[in-house]
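S.K.: My questions all concern the structure below.
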Amino acid sequence: MKGSPATVEHRAGRRLLPELSALVLRHTDPGALSVVLYGSRARGSARPDSDVDVLEVVAAKPRSYSTGNMNISAYHPHALGAMAERGSLFMLHLKVDGVVLADPCGVFRGIIESYRHPASYAPLLAEVRAAATALVTTSDTDRYRPRLRRLGLYLLRTAVYATLAERGDPVFDTEQAGRRLGRAPAVEALRRRLAGVQPDDLAVLLAGISSVVGSPPENRWGSVEALAVAYAHTFPYASALLAQLIAGDFHGIEYTALSPPPL
């Protein structure tokens with residue numbers, strides 16, 4: 001299916017190195033319907049230590065996995081199509097930044113063409129604000145601190161990207177997005193992703209998120225674990241994020257293990 005890894009033309013006029021294309025195609029499922037590079041490697045803004053973010057469209061058994069610094073998220077076409085029709089922020093990310101490495105039957109192209117911009121990002125931002133409550137110090141914060149830091153970075157990026165997308169200015173480069181948003185607490189928190197872990201990380205991330213979506217609700221239940229249970233019906237996406245944090249090592253968001261986000 002994949003053939004020889006010719007140099008791929010990037011949307012902004014840059015070229016992906018043939019070696020990168022070959023590396024991705026060598027480590028992805030040879031039976032995948034489509035393979036798409038996205039993120040900093042696709043934009044041409046990667047640092048030497050940046051991860052390689054890859055989407056696979058597969059006919060069966062979607063799962064996410066990593067090999068070296070390559071993070072591969074696999075989805076069934078029906079799931080991606082539903083996300084596109086609902087205006088998923090992730091699908092907008094793929095639409096803006098994605099570089100197609102393999103799509104012989106046009107499966108990914110058809111999915112992207114079905115993308116519809118949502119009427120509002122308010123439901124997603126409400127879930128982000130609710131999930132940010134977990135960053136407030138509680139009885140079990142120390143148990144989950146490294147995972148909470150990763151969750152906080154995910155929530156902050158989501159809040160910033162969604163806010164810019166709602167303005168009609170979608171940007172998925174973290175530094176550029178922070179500058180465009182122009183809110184000092186958010187910019188400071190985004191910078192933390194490049195630094196080592198610091199004692200006040202959760203407070204800085206919480207301030208950054210709050211500057212974008214408003215202050216989160218109070219945690220009346222006293223722990224991250226209880227918060228995940230309490231949110232099950234009122235904020236199902238926030239609850240799913242917290243449940244994943246509690247259950248796993250949480251090196252990153254396992255999208256395929258979550259219920260669909262509100263967008």
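We did not get these values from a lab; they are worked out from the coordinates using the rules stated. In this text, all values refer to a predicted model and were calculated from it rather than measured experimentally. Ideal geometry is used to build each Cβ from the backbone, glycine not excepted, and the neighbour counts take in all protein chains shown.
S.K.: Considering the options Gly178, Pro199, Leu155, tell which one lies farthest towards the positive end of the dipole of the stretch 124-201, charges being +1 on Lys and Arg and -1 on Asp and Glu at the Cβ, about the Cα centre.
M.R.: Final value for the positive-end residue is Pro199.
S.K.: Please list, in order along the stretch 183-193, the HN-Hα scalar couplings obtained from phi with the Karplus expression 6.51 cos²θ - 1.76 cosθ + 1.60 (θ = phi - 60°), rounded to whole Hz, x for Gly and Pro.
M.R.: 10, 3, x, 5, 4, 4, 5, 5, 5, 5, 5
S.K.: Now for a different question. Treating the beta-carbon of each Lys and Arg as +1 and of each Asp and Glu as -1, no other charges, what is the dipole magnitude of the chain about its Cα centre, to the nearest 20 debye?
M.R.: Value, rounded to 20: 360 debye.
S.K.: Can you tell me what share of the DSSP beta bridges in the chain is antiparallel? A percent to the nearest 5 is fine.
M.R.: DSSP beta bridges in the chain are roughly 70 percent antiparallel.
S.K.: Classify the stretch 119-213 from the C-alpha gyration tensor, please: rounded if a/c falls under 1.5, else prolate or oblate depending on whether a/b exceeds b/c. Walk me through the intermediate numbers first.
M.R.: Details: a/c = 2.42, a/b = 1.47, b/c = 1.65.
Taking the square roots of the gyration eigenvalues as a ≥ b ≥ c, the stretch 119-213 is oblate.
S.K.: Can you compute the FRET efficiency between Asp142 and Ser50 using 1/(1 + (r/R0)^6), with r the Cβ-Cβ distance and R0 = 45 Å? Round to the nearest 0.05.
M.R.: Once rounded, the FRET efficiency stands at 0.90.
S.K.: What net charge is computed for the residues neighbouring Leu190, neighbours being all others with C-beta under 11 Å from the C-beta of Leu190, Lys and Arg scored +1, Asp and Glu -1?
M.R.: Neighbourhood net charge equals +3.
S.K.: What size of dipole, in debye to the nearest 20, comes out for the stretch 149-209 about its Cα centre when the only charges are +1 on Lys and Arg C-beta atoms and -1 on Asp and Glu C-beta atoms?
M.R.: 60 debye
S.K.: Can you give the FRET efficiency to the nearest 0.05 for Thr67 and Glu113, using r as the Cβ-Cβ distance and R₀ = 35 Å?
M.R.: That gives a FRET efficiency of 0.70.
S.K.: Return, ordered by residue number, the residues of the stretch 94-133 whose backbone nitrogen is under 13 Å from a label point located 7 Å along Cα→Cβ of Ala59.
M.R.: The answer is 105.
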